[in-house]
């Protein structure tokens, strides 16, 4: 029998090491197995299942998939970000960049209440209502869209950066109220400056 740790690497002990390990007793084998699993996790295997002698020592949590968004292009962007960053819950998603995606609707994004940075420039957005619940946002770029109202942004009291430039149909009243009550960098449409 070969004792092994598998992650995306494989370690094999010689016959002498195996005999000493077997003679050590079950308690020591359990301890060593636990330490090997922890070392494998710390050394970059956190995203992989770790087995010791064909027994699971660590299994990573599953990726978050329990959500729906209306826009297919937004879903593709969120799916890719979840896979790339190994996101396991809605609140664990802190940053999302979906610029130049042809996105028309943000319906469903309100589930991701942990978002702090959101890039949605150069899309086809007209309505920001789903963003009103994302009160953790500190950075928001919705420049170069087709926005018609800024009222949903009034609940985003942590914003430190907001770019709503190149939205020629965006009324200025709510933007002035928002920028007057917050400190940060705000890039407004030309007609609101």
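Computed from the coordinates by the stated procedures, all read-outs in this text should not be read as laboratory data. Predicted, not measured: the structure shown is a model, and the values here were computed from it. Cβ coordinates were reconstructed from backbone atoms using ideal geometry, including for glycine residues, and neighbour counts include every protein chain displayed.
Details
- The modelled label-to-label distance between residue 85 and residue 110, using points 7 Å beyond Cα along the C-beta direction, is 2.1 nm.
- Ordering of 115-122, 67-74 by burial proxy (mean other Cβ atoms within 10 Å per residue, highest first): 115-122, 67-74
- Normalised per residue, the volume of the convex hull around the Cα set of region 53-163 (Å³): 100
- Counting beta carbons within 10 Å around each of 81, 179 and listing the fewest first gives the order 81, 179.
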